[in-house]
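Throughout, read-outs are computed from the coordinates displayed, never taken from laboratory work. Model, not experiment: these values are computed from the prediction. Heads up, the Cβs are rebuilt from the backbone with ideal geometry, glycines too, and the neighbour counts pull from every protein chain shown.
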Amino acid sequence: MPWRATGVTTMNDDFAPLDWLGNALDCGACPQQALLLAQRCRPGHSCVHDRYARRVERFFATNPGQANGFLDHPYFEVRALAAQRADRFRLPALLDDPDETVRWAAAQRLPERYLGKLIADPHREVRIRVALRLAPERLAVMMNDPDYYVRVVVARRLPVALLAIMREDPDAQVRIAVAQRLREADLLVMAHDADPAVRTVVAQRLPPALLVPLREDTHWPVRYEVARRIGAQSLASLLTDQEDAVRELAQQRCTHPVVASINSAGGIA
């Protein structure tokens with residue numbers, strides 16, 4: 001089920017006012033008569049009973065004191081938008097709401113300690129947002145989340161000291177995120193990763209002295225990074241590389257005045 005962002009609609013405000021079940025709205029039967037008379041709501045523009053989130057949002061923006069009374073409304077958009085304005089002490093109960101939009105609308109206004117309840121939420125979008133907001137030192141419990149993108153977020157925010165645990169994640173996107181932040185001392189083992197995109201990141205970050213084994217990598221972007229960063233004395237095998245870009249870069253570096261002086265002084269391996 002796709003994520004539904006509250007407060008946004010692609011519908012034009014000229015569309016006829018309908019309730020969340022598709023029925024025509026009847027202001028004469030509305031219990032918000034006092035608000036209607038005070039011009040604090042208006043059909044087709046600002047109405048808590050309309051099915052379009054933008055109109056519901058306008059209603060609560062004008063009448064925030066009404067939010068508490070709509071936290072159990074049958075339409076998820078109304079509950080979610082009410083949660084953005086309701087008293088905070090009313091929000092913990094919404095963490096058990098059947099709709100993921102409502103659960104997150106409540107969670108993002110509650111203190112971080114409440115997020116623990118959503119770490120194993122059944123909806124990936126909620127868990128992604130938990131991983132984005134949870135304190136880094138609490139993220140270890142999400143390292144094995146079943147969704148790859150949750151784990152990507154965890155790898156981007158987890159304390160570096162714990163990142164080595166995720167080096168063998170089954171998804172390459174997660175391992176790329178790990179390789180981008182891992183300490184150099186823990187990075188060398190990833191030079192043998194099965195995915196060339198991971199090895200390319202490794203080649204971009206390893207100290208030049210440790211790049212020699214990657215000169216023979218089967219993926220040319222890896223060898224290109226090696227040619228760009230490796231010490232001048234180790235460029236020899238790349239001068240005849242089968243890939244034009246790699247070979248030309250290695251040759252350019254060898255003819256650069258600084259590199260050439262190093263080569264003439266000590267030769268290249």
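Orientation-averaged projection of segment 131-265 equals 8.9 nm² [convex hull of Cα atoms, one quarter of hull surface area].
Remark: spin-label model distance residue 88-residue 40 equals 2.4 nm, labels positioned 7 Å along the Cα→Cβ axis.
Of the peptides 144-157, 26-39, the ranking by mean beta-carbon count within 10 Å, highest at the top, reads 144-157, 26-39.
Rounded to whole numbers, the Karplus 3J(HN,Hα) couplings from phi for segment 140-156 are 4, 5, 9, 5, 10, 4, x, 9, 4, 6, 4, 5, 4, 4, 4, 4, 7 Hz, using 6.51 cos²θ - 1.76 cosθ + 1.60 with θ = phi - 60°, and x at Gly and Pro.
For segment 1-95, the relative contact order works out to 24 percent when only alpha carbon pairs closer than 8 Å and six or more residues apart are counted. The calculated 222 nm mean residue ellipticity attributable to helices in the chain amounts to -11000 deg cm²/dmol, summing -39500 (n - 2.57) over DSSP H runs of n ≥ 4 and dividing by all residues. Derived scalar couplings between HN and Hα for segment 173-179 equal 5, 5, 5, 4, 4, 5, 4 Hz in order, rounded to whole Hz, by the Karplus curve 6.51 cos²θ - 1.76 cosθ + 1.60 (θ = phi - 60°), x for Gly and Pro. With the cut-off at 1.5 for a/c, could you classify segment 1-95 from its C-alpha gyration tensor as rounded, prolate or oblate? Here segment 1-95 falls in the oblate category. When each of the peptides 175-188, 231-244, 46-59 is scored by the mean number of other C-beta atoms lying within 10 Å of its residues, the order from highest to lowest reads 46-59, 175-188, 231-244. For segment 28-40, backbone phi angles converted through the Karplus equation (6.51, -1.76, 1.60; θ = phi - 60°) give residue-by-residue couplings of x, 9, 6, x, 8, 4, 4, 5, 5, 5, 7, 6, 9 Hz, Gly and Pro being listed as x.
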